[in-house]
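Colleague: Structure provided below as structure tokens; questions to follow.
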Amino acid sequence: MRKVYFDHNATTPVHPEAVKAARPFLGELFGNPSSIHFAGRDVRKAVEDAREAVAVFFGCHPLEVVFTSSGTESGNLAIKGVAYQPGNEGKHIVTSQVEHPAVMNTCRFLEKRGYRVSYVPVNRQGIVEPEAVRKAIEPDTMLVSVMAANNETGCLMPIAEIGEIARKAGVLMHTDAVQATGKIPLDWNTLPVDLLTFSGHKVNALKGAGGLILRKSIKISPVIHGGHQEMGLRGGTENIVGIVAMGAAFSLLKENMEQEIAEVRRLRDALERGIFERIPEVTLNGHPLLRLPNTLNVSFRYIEGEALLLNLDMLGIACSSGSACTSGSLEASPVLLNMGVDPTDAQGALRFSLGRGNSDEDVSYAIDALETVAEKLRAISPLYQPRKVGMK
Ligand SMILES: *Cc1c(COP(=O)(O)O)cnc(C)c1O
């Protein structure tokens, strides 16, 4: 059976070159990069080369790159790192209602610890409006945290404008750029952002490595206390394999990003066109244009997204339903509900996220499968019957 992987926003296949770069560090190159002897030096060099590759990719200084274990840890470090600075106790944070749990639950945690947080909603198209952020900023706001691109809808947030607003108000700006990295241009030199979160496994590197870019002038507190690693911002002997693979992935991305974006956009658009041409009663969730080039989130009326997902899985197609299954009850995605998507439509939402390795054949196979499965499920859907009769 054909296997079609359309879930790149969840994680990406590891690039063979990243594996190749990391392999020696699974074996002979085992030293501790903090050791000053020969065994440590080789490994230290590999870590610093990876830091350089990340810096070249984003256009920042290598010393502005802090390696962590994940996008989630980076989000924690950014937000708690600012919150835990002396003088910031109990201060105010502005974030959005559609953040990834890495940011959302960090903010909720801080709220329980006496900080105040404003969660700005998105508009009907899934976008955070800069004006809403401006209005939410208070005299004691210490941080604005708005994601660069949403993982479920692919919606691109106006982080440059939001960062400008934060800067004018004298407030630090963090962006969770885990999904945006490699899919849209992000230039550290021109972005008015102070802290930026990225993750390795979303850019064809390994799970368990990520990082935070942090402007030199900014002081934050560590969240993991220990040794002096990562400029004292993240104790613990580094995940060398993950960091080296990530460095390789960023070097490749620097070279190939433009072509890869063009290709993935072409395939995503073909999938979108095919679905809308062949399947009735489908709606797009999110902004049609201000969207990641690889992401397509659509609602199939009268069908449960989960049912579609499971049927597609049986045909070898991996995608995501965007809704979380909580203790057996199907819950619609809070991100879609927040945008004002009708709750029953939100139940029928599917996210297709394309990436490196996808082909035209994958797209046509998926369109055929979707047409068949949607028809089958609608035929047994009590919701669809009256409407079908009514339409004829
Ligand atoms: C995947 C993801 C994260 C978390 O990254 P991990 O490395 O898996 O912890 C954070 N934010 C967004 C938007 C993501 O898509």
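The values are calculated or read from the model by the stated rules, or taken from the named source; none is laboratory data. What you are looking at is a predicted structure, and each value in this text was computed from that prediction instead of being measured. Cβ sites come from the backbone with ideal geometry, for glycine too, and all protein chains shown count toward neighbours. Protein only, heavy atoms only, side chains kept; ligands, DNA and RNA dropped before computing areas. Shrake-Rupley method; radii C 1.70, N 1.55, O 1.52, S 1.80 Å.
Colleague: If you project the alpha carbons of the stretch 194-233 onto the principal axes, what extent comes out on each, in Å, largest first?
Modeller: Projected onto the principal axes, the Cα atoms of the stretch 194-233 cover 30, 24, 13 Å.
Colleague: Okay, next question. Looking at the stretch 43-154, what % of its DSSP beta bridges pair antiparallel, to the nearest 5?
Modeller: Among the beta bridges of the stretch 43-154, antiparallel pairing accounts for roughly 10 percent.
Colleague: Follow-up. Would you please report the Å³ per residue occupied by the convex hull of the alpha carbon atoms in the chain?
Modeller: Expressed per residue, the convex hull around the Cα atoms of the chain is 147 Å³.
Colleague: Between Ser35, Ser69, Ser251, which gets the highest mean-square fluctuation from a Gaussian network model of the chain, Cα cutoff 10 Å?
Modeller: The residue with the greatest mean-square fluctuation here is Ser35.
Colleague: Taking the chain as a Gaussian network, where each spring joins two C-alpha atoms under 10 Å apart, which residue of Val203, Val373, Val241 fluctuates the most?
Modeller: Comparing Val203, Val373, Val241 in the GNM, the peak value goes to Val373.
Colleague: Taking the C-alpha atoms of the stretch 166-302, how large are the radius of gyration and the largest Cα-Cα span, Dmax, in Å?
Modeller: So, for the stretch 166-302, Rg and Dmax equal 18.9, 59 Å respectively.
Colleague: Let me ask you something else. What do you reckon, how do His287, His8 stack up by accessible area (1.4 Å probe), largest on top?
Modeller: Largest to smallest exposure gives the sequence His287, His8.
Colleague: Considering the stretch 269-310, what Rg and Dmax in Å follow from its alpha-carbon atoms?
Modeller: Computed over the Cα atoms of the stretch 269-310, radius of gyration and Dmax are 10.8, 29 Å.
Colleague: For Ser381, Ser70, write out the residues from largest to smallest accessible area, computed with a 1.4 angstrom probe and no ligands counted.
Modeller: Ser70, Ser381
Colleague: Evaluate the distance, in nm, between pseudo-label points positioned 7 Å from the Cα of Met314 and of Asn105 along their respective Cα→Cβ axes.
Modeller: Output for this residue pair reads 3.2 nm.
Colleague: Need the C-alpha centroid separation for the stretch 2-77 versus the stretch 91-154, integer Å.
Modeller: Result: 29 Å between the Cα centres.
Colleague: Less than 10 Å Cβ to Cβ from Leu292, Lys/Arg counted +1 and Asp/Glu -1: what total charge do the surrounding residues give?
Modeller: Its environment carries a net charge of +4.
Colleague: Next question, about the same structure. Based on the mean of other beta carbon atoms within 10 Å per residue, what is the order of 72-83, 108-119, most packed first?
Modeller: Per-residue Cβ counts within 10 Å, averaged per peptide and sorted highest first, yield 72-83, 108-119.
Colleague: Still on this structure, please answer the following. First compute the accessible area of the stretch 132-220 with a 1.4 Å probe, then give the percent of it belonging to carbon and sulfur atoms. Walk me through the numbers before you get to the answer.
Modeller: Numbers: 1560 of 2930 Å².
The value for the stretch 132-220 is 53 percent carbon and sulfur by accessible area.
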